[in-house]
Amino acid sequence: MKRFILALLCAPLASSLQAARGTGDLGLIIERASSSIQIIETSGNTSIARIEGFGDLSHASVVYSRDARFAYIFGRDGGLTRVDILSATITHRQLQSGNSIGGAISQDGRLVAVSNYDPGGVKVFDAESMALVADIPASYGNQQRRSKVVGLVDAPGQKFVFSLWDADEIWVLDMSDRGNPEVTRFADIGHNPYDALITPDGRYYVAGLFGEDGMAMLDLWDLSAGVQRILPGYGKGEKKLPVYKMPHLEGWAVAGDLAFVPAVGHHEVLVINLRTWQQAGRIPVHGQPVFVMARPDGRQVWVNFALPDNDTIQVIDTQSLAVIKQLKPGKGVLHMEFEPRGEEVWLSVRDEDRVEIYDTTSFERKATIPATKPSGIFFTARAHRIGL
């Protein structure tokens, strides 16, 4: 009888989270000020659970296991947390460094890598047990100094690729033999790589340069070619504006043969021809772009902005290369995430403690979810995409 009563008491939680539920329409909202997350579903646009105890989430990011059941959350305080999103529980948590800036999961889903500022380097963990597999110090200058690591992404062949902010280098870490990690280093790529992206096919790794104009590109199919410089001197001779928030390249937009990238220190979105890696256009926008993200079908690009313009979203049509819509969701729009097939987009409005959901065809607001200082939004569809 006691077991029967206990089962009845637990039924609401089980029915809302576990019973007959897949993970394909789930996701997480980061609540940065309260060290918490919300688990949400996109079919009905609702919040189904909230979990606390994640430490510093001021620059948190998330990757998913290949079955999209487990989320790996990377906190700014070096915290690495594994969450079972069906049971809404933390399964593992550890402070693996003093300051970290994101992570990635391997092609086979068995390894999780974290990029660290302090001490600079990359640590790789077993995705199931969370045991340390490899520790790769980002040493440079006769091994006397360690660099901050940025732009960590997964790549085909059980590889991770990342950039060294202080050392001006790109490293390729091959974990195909987890007992013998191999590192290939590329030096003098340009000054201060601040973030990076990988093309959706996993071939090209591109690092943005904060210390100079241009970008550094590595063809992962042909490492012998070394790092090539692309878009050299863009904006040269023009007065740059102060940079209030570093733009993010991981959320770049690809539409056909074109890529759309935020310009550092300019109120512009750069358009790149992916066949030639030459600049194909520059689109004036409302402010300094932070995230430039494509709708899954590539027809639209949505852009948010740094202060003092972070109450605004602009939508670019990828055929005409023109801004076709401007929205004012509220103060502090930090992040955007498209639903897997792109019919709706979720926007975190940090300063007004809510997440707004918009129809991407009519641009009408469809729903609002209360959230405590929301920032990143991450759907489980990322589990099956390279570099996310």
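Considering only residues in the range 81-100 that are surrounded by fewer than 22 Cβ atoms within 10 Å (Cβ to Cβ) and under 18 Å from the mean Cα position of the chain (by Cα), the one that is nearest to ASP56 (Cα to Cα) turns out to be ASN99. Within 20 Å of the chain's Cα centre (by Cα), buried (at least 18 other Cβ atoms within 10 Å of the Cβ), in a loop (DSSP other than H, G, I, E, B) and in contact (Cβ under 8 Å) with a residue 60 or more places away in the chain, is that true of ALA68? So ALA68 passes the test. Take VAL133 and tell me if it is buried (at least 17 other Cβ atoms within 10 Å of the Cβ), outside the structural domain of HIS384 (by TED's automatic domain parsing), β-branched (Val, Ile, Thr) and farther than 30 Å from VAL292 by Cα. The answer is yes for VAL133.
Checked against the criterion of being buried (at least 20 other Cβ atoms within 10 Å of the Cβ), of a type in the set (D, E, K, R) and assigned by TED's automatic domain parsing to the domain that holds VAL254, the candidates ARG282, ARG295 yield just one match: ARG295.
Quick one: would you say SER115 is surrounded by fewer than 16 Cβ atoms within 10 Å (Cβ to Cβ), touching a residue at least 40 places away in the same chain (Cβ under 8 Å), assigned to a strand (DSSP E or B) and not hydrophobic (A, V, I, L, M, F, W, C)? Criteria not met by SER115. Screening LEU307 with (1) surrounded by fewer than 18 Cβ atoms within 10 Å (Cβ to Cβ); (2) at negative phi; (3) without any contact (Cβ under 8 Å) to a residue 60 or more places away in the chain; (4) not basic (Lys, Arg) gives one miss only, at (3). For ASP168, the stated conditions hold: it is in contact (Cβ under 8 Å) with a residue 12 or more places away in the chain and over 23 Å from ALA253 (Cα atoms).
Quick check on the range 179-187. Is at least one of its residues closer than 30 Å to ALA255 by Cβ and surrounded by 22 or more Cβ atoms within 10 Å (Cβ to Cβ)? Within the range 179-187 (the criterion being closer than 30 Å to ALA255 by Cβ and surrounded by 22 or more Cβ atoms within 10 Å (Cβ to Cβ)), the answer is no, since none of the residues qualifies. If you go through the range 195-211 one residue at a time, do you hit one that is touching a residue at least 12 places away in the same chain (Cβ under 8 Å), of a type in the set (Gly, Ala, Ser), crowded, with 23+ Cβ neighbours inside 10 Å and not in a strand (DSSP E or B)? No, the range 195-211 contains no residue that is touching a residue at least 12 places away in the same chain (Cβ under 8 Å), of a type in the set (Gly, Ala, Ser), crowded, with 23+ Cβ neighbours inside 10 Å and not in a strand (DSSP E or B). One residue stands out in the range 368-386 among those that are buried (at least 20 other Cβ atoms within 10 Å of the Cβ) and part of a loop (DSSP other than H, G, I, E, B): the one that is nearest to the chain's Cα centre (by Cα), namely LYS373. Here is the figure for the range 260-303: residues that are in contact with a Pro (Cβ under 7 Å, 6 or more places away or on another chain) and in a strand (DSSP E or B) total 7.
The values are calculated or read from the model by the stated rules, or taken from the named source; none is laboratory data. Worth saying up front: this structure is predicted, and the values here are computed from it rather than measured. Note: ideal-geometry Cβ built from the backbone for every residue, glycine included; neighbour counts use all protein chains shown.
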